[in-house]
Amino acid sequence: MTGGREDVLSLADEYVLGLLDAGEAAAVDARIEHDAALRAAVAASRERFLPLDTQLAPAAVDDGLWHRIEASLPAHGESGPVAAPANDNRRSGWRLAALSSFAATLLLAAGLVWSLGRTVEPVVIAVLLNEAGEVQAVVEDFGNDTANVRLLSAFEVPADKTIQVWTLPSRELGPVSLGLLDGSRSARLEGPTLPDPNEDQLYELTLEQAGGSTSGRPTGPILAKGFAKAVH
């Protein structure tokens, strides 16, 4: 897992999906402590894959299905069908294990399809911290005038306020707004035409009046800020 060859985002996806062996996962655990880009990518992967688990409604399975499955399994050392075990607790445990395995397989397959189908990778990732040094948000800037802003903290946004996202492409250009967030929800923003994002580019969130800053510059309190790290 050398830095020159790996794709940070793919590594994060494999880590979150549990595709790494114990040694590789331990190496990622250690690296996360000092690698802000990998830490941000893992946080983003966890948030992205969570709906695969939470948006699936449980479906009832009738006993007839389990009887048919059990009847089709050969007993140890035999080729014929086996009867359902008399101990219902054992059968319930078998059902639970089968369901858990099936659910894990669905989650893994859906995650892999999404990961393999992804064609656009962010150019930089910025981890935004508050004054206490706590992670509050992650910004993925794709360098094509779009950016994903993932909030990792529950901000309190009054009805007459809004969270505005800013970046500083250069001292000459000054701070530029990437857009406004709807309440305290993560969003994909389509901002103005900007130069390609760079390593150590500043990103920040401020609390502005509803509708955003009227001066075109951040005026409200800074909720979180951080510097970008190149993904590749």
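The values are calculated or read from the model by the stated rules, or taken from the named source; none is laboratory data. Note that the coordinates shown come from a computational prediction; the quantities given were computed from them, not determined experimentally. Ligands, DNA and RNA are stripped out before the accessible areas are found, and what is left, the full protein with its side chains, is counted by its heavy atoms. Shrake-Rupley method; radii C 1.70, N 1.55, O 1.52, S 1.80 Å.
Look at where the Cα atoms of region 198-229 and of region 8-40 average out, and the two centres are 29 Å apart. Here the 3J(HN,Hα) profile of region 156-162, calculated from phi with Karplus coefficients 6.51, -1.76 and 1.60 at θ = phi - 60°, is 8, 10, x, 4, 9, 10, 8 Hz, Gly and Pro shown as x. Measuring only protein heavy atoms, the 1.4 Å probe finds ASP160 accessible over about 90 Å².
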